[in-house]
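The values are calculated or read from the model by the stated rules, or taken from the named source; none is laboratory data. Here the structure is a predicted model, which is why all the values come from computation and not from measurement. Neighbour counts are summed over all protein chains in view; Cβ atoms, including those assigned to glycine, are modelled from backbone coordinates with ideal geometry. Just so you know, the surface numbers come from the protein's heavy atoms only, side chains and all, with ligands and any DNA or RNA stripped out. Shrake-Rupley method; radii C 1.70, N 1.55, O 1.52, S 1.80 Å.
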Amino acid sequence: MVNKSIELDRIPETPLKDQLMRESAWKANLDDCMVCGKCLSVCPLAGYEGFDPRQLVRLVLLGREQEVIDFDGIFQCTGCDRCTYVCPMGVKIGNLITRARGMRPNDKKPGKAQLTCELHRDKGNNMQIVTEEWLETLDWMREELEDDVPGVTVPIDKQGAEFFATINSKLPQYHPDELQDIFKVFHAAKADWTMPSIWWEGTNYCMFSGDLETWERTLRMQVARVEELGCKVMAYTECGHGYYATVAGYEKFNIRPKFEVTHVVSLYARWIREGRFKLDPSRNPDLCTLHDPCNAARKAKMNGYPDIIDDARYVMDAVCSQWVESWPNRENNICCSGGGGALISGFKNARMEYGKTKVEQLDRTGAKLVCTPCVNCYDGIGDLAQHYKRPWKPIHLWRLLARAIVI
Amino acid sequence: MAAEIELPGLTEEVCMNGDGDILVVGGGVAGLTAAETLADFGWRVLLLEKQGHLGGHSHHWACMATEACNRCSACAVCDRLRRVTSDARIRIRTQARLVTLEGSDGAFIAGIEPAGNSDSVCRSHPNFVLTAAESVPVAKVVLATGFTPFDPSELPLLNYERFGAVMSTVDVDDLILQNRLTEFITQQENRVAFIQCVGSRDRERGRDYCSQFCCKTSIRLARKLLFERPDLQITIYYIDLQVNRKEFRTFFSEMQGKIRFVQGTPAEILPAEQGPGLRVKVFNPETNQIGYETHDRVVLAVGQTPNAGTRRLAERLNLAVGPDGFLALAEPGRGARSSRPGVYLAGACARPSDMADSCLQAMAVAAEIGAPVNVTATVRPLLAIGSY
């Protein structure tokens, strides 16, 4: 990747560089790079098959952006943005990666990176779940829950409800039982909420495939649905990138919704503070640790959006008998190795290789459960546990909370 | 020469009035130099020091001599101290601070009071301690309040507080000063790394400046360590080396074969995969690949930051502070005047400076103030200490 010379007599077209230099929403400050190497020292992927974030910056600056666009490493990147976080000069390598992915023709994007966005756009969710099937799943889960939580309801498309809940489509598809935890939490909090029959998707992979057009379109479709129902708050349930793609996307595409977006972890904390739940932490006896999802922690914080760093800890204190911090944590945390669309791009070997530091970090905690308030992190950490045969396993925060709630 | 220097608003009365004609705040290497030079010009000087000792950071700086002097300037402060403490024209007050500054250029009234810290007092000069508040008329004020070394615990990924094997250049210097360098590393260990620019050159965290001295400090420390333990394998991770005086270049060239210099400064220090030691991810110039390197000790070359009290001081004295948090010069690069006429800045309170630069800046302040009117000065030749 590095051994070609630059032809000085030919000035290349550099659309990627131009976007990163000129578009205010995507400004990457590439020319401020002083080659200090901090980015590569904190990057889980750096060193794997020649991936070097610092080199990507140089290549784009030198007009060799095509080499970056054609390089599969940009799709192996988990988008954790540690590089951007430690950069002393504010170079936004994350922006570079997103826009470089967007420059790759759709049919040349690896794995399901692009397909996922198109399904989201065409079907309202990326798992192609039709409304009938969705409503059946909701009802089936509600019925099963009724034994434990008598009188539990799941209001569908309730006009004027305070909270509009989003759901990561992996839940109905692969872990429908986890829906019960969410129902139980909203029910016990006596929240005025609704589950939409369409545009409930709580992910947005367009941010990861770099498909800005579809990203904006899907956001606008969902905004229209929330406004149609007249909800005051979009309660973004545990999906880090979906939350970030929403709040950051609204700003990037200048979308001004008539409602607020709140990460559900902040709602848990608010409801606990208000004394809405009777909690019994002894129902979560196993030693637990907390994984801060990159998107809802570091990326939200450094870009000025509400993060869940403190709220997640407040909830952990209330619902677990015992839990320990992992290190590094909070905005310095290490990626689960499943972020950035890496889970759907089909680079499992790469993920397992650069997940090693995550494994070491979790091993040092001695915990049995790794609480991840993010469906992607849940799968990322689950894959690492399975691959490296580790004694810990992931768990969502809604499950810890739902277990602790005494009805 | 002195006749050509303009002395705005300075009158004979002021010169002959009061207990001290010029107030110098800060008894580090810059303040000592300013006091000494101004006294040589014929001024009477009141020198304030917040601590119980004079000398500032330079007083705690260990001599870096190996088989020969490495010109670190640490000893120069001793000469200055001897001369300042024995000069009848310089009145010294330790554990004292400047609280208010009324009036204007040529006719200030400085309010000084005991600093109220419990720092131990210099045994040779216990009578220097200020015991009661005073109001002192002064013509000019020189601020030389110095800096604070960067606290690496502000960068959690470096794990400074977590791992005993991660130290700062200040910590290693303290070991040398206390003659405990053998405790730095055990006989079984020999891999040492220095990381440059810790707390410097960080625009995102408000420190968009080079601290000027840390590259030279690390190279001298490395040489001192090698002198004690020739078997050490020392790596210096740098962004770009600021070894910018010609005398230092020779020293640097000599060290190039003995120390491994690697471009790129890791931002995260991890424990070794197994056993003791620390890991950093870097671009290895020998293999042309990114990978982990393991070291037994990692030394963080900390930069200079403004004192925590700089903003409060600036508010009390009505002075401007720069975006970097240091006191602001009225015209950077053109004199040592602060934003308030009659108040001058010397040394690291205005910009990161090494010892030699601090001395030169203090002398420049004295030259800018010039000699008092109607006083025959006994001028000693200006002498910069240390040549780099």
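Tabulated values for the structure
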quantity	calculated
Antiparallel content of DSSP bridges confined to chain A, in %, to 5	5
Cα-projected label distance for B:Glu254 with A:Asn303, points at 7 Å along beta-carbon direction, nm	5.3
Simple spin-label estimate for A:Glu274 and A:Gln66 in nanometres, 7 Å along Cα-Cβ	5.8
Cα long-axis angle, helix B:76-85 against chain B (0 to 90 degrees, to the nearest 10)	20
Lysine pairs with alpha-carbon atoms under 22 Å apart, chain B, spacing 8 or more or separate chains	7
Mean ellipticity per residue at 222 nm, deg cm²/dmol - from DSSP H runs of n ≥ 4 across chain B, formula -39500 (n - 2.57)	-7000 deg cm²/dmol
Area buried, chain A against chain B - accessible surface, total, 1.4 angstrom probe, square angstrom	2300
Among B:Gly325, B:Leu130, A:Ala248 the positive-end extreme of the charge dipole of the protein assembly as shown (Cβ point charges)	B:Leu130
Residue-averaged beta-carbon neighbours from other chains (10 angstrom radius) around B:259-271	5
Spacing of the two label points (7 Å from each Cα toward its C-beta) at A:Asp148 and A:Arg256, in nm	4.4
Euclidean distance of C-alpha centroids, the range A:15-40 and the range A:94-109, integer Å	15
Per residue solvent-accessible surface (Å²) - the range A:114-404, probe of 1.4 Å	37
Carbon/sulfur fraction of accessible area - the protein assembly as shown, other protein chains in place, 1.4 Å, %	49
Alpha-carbon centroids, the range B:245-286 and the range A:270-305: separation in whole Å	40
Debye log10 I(q)/I(0) at q = 0.21 Å⁻¹ for the range B:49-94, Cα point scatterers	-0.76
Peptides ranked, highest mean first, by Cβ atoms within 10 Å: ranges B:238-245, A:55-62	A:55-62, B:238-245
Debye, to nearest 20: dipole size of the range B:68-131, +1 on Lys, Arg Cβ, -1 on Asp, Glu Cβ	380
Point-charge dipole on Cβ atoms (K/R +1, D/E -1) for the range A:8-104, about Cα centre, debye to 20	260
Unit charges on C-beta of K, R, D, E only; dipole of the range B:128-284, Debye	600
Delta accessible area of at least 40 Å² on complex formation, residues of the range A:315-343, 1.4 Å probe, chain isolated as reference	A:Trp327, A:Asn332
Efficiency of FRET from Cβ geometry, B:His125 and B:Arg311, R₀ 41 Å, rounded to 0.05	0.85
Of A:Lys17/A:Lys358; A:Lys184/A:Lys252; A:Lys170/A:Lys190; A:Lys170/A:Lys358, those spanning more than 30 Å from alpha-carbon to alpha-carbon	A:Lys17/A:Lys358; A:Lys184/A:Lys252
The protein assembly as shown: C-alpha gyration tensor shape, a/c 1.5 cut-off, then a/b vs b/c	prolate
Most to least packed among B:249-261, A:292-304 [average Cβ atoms within 10 Å]	A:292-304, B:249-261
Contour excess over end-to-end distance, with Cα ends at B:Asn117 and B:His60 and 0.36 nm allotted per residue	18.7 nm
Unit charges at the beta carbon, dipole of the protein assembly as shown: most positive-side option, A:Val91, B:Leu300, A:Val370	B:Leu300
Dipole of the range B:165-273 [Lys/Arg +1, Asp/Glu -1 at C-beta], most positive-end residue of B:Gly199, B:Leu241, B:Gln178	B:Leu241
With DNA, RNA and ligands ignored, accessible area of A:Lys232 (1.4 Å probe; Å², nearest 10)	120
Förster-model FRET efficiency, 56 Å R0, A:Gln322 and A:Asp107, C-beta, rounded to 0.05	0.65
Label-zone membership for the range A:33-76, site B:Asn288, 7 angstrom Cα→C-beta point, backbone N under 16 Å	A:47, A:49-52, A:55
Over chain B, relative contact order from alpha-carbon pairs under 8 Å, at least 6 apart, %	22
Chain A: angle of helix A:113-123 to the longest principal axis, Cα-based, in degrees nearest 10	50
Sum of -39500 (n - 2.57) over DSSP H runs of 4+, divided by residues of chain A (222 nm, nearest 500)	-13000 deg cm²/dmol
DSSP beta bridge pairing in the range A:267-407, given as percent antiparallel to the nearest 5	10
Counting DSSP beta bridges with both ends in the protein assembly as shown, the antiparallel % (nearest 5)	35
Nearest-0.05 FRET efficiency for A:Glu7 and B:Glu247, computed from C-beta distance (R0 45 Å)	0.55
Within chain A, longest stretch free of exposed chymotrypsin sites (Phe, Trp or Tyr not before Pro) [DSSP loop, at most 16 other beta carbons within 10 Å]	A:1-252
Rounded, prolate or oblate (a/c below 1.5 giving rounded, otherwise prolate when a/b exceeds b/c) for the range B:186-228 by Cα gyration tensor	oblate
Distance from the range B:178-229 to the range A:63-83 (C-alpha centre basis), Å	34
Cα Rg over Rh - the range A:8-104, Kirkwood	0.93
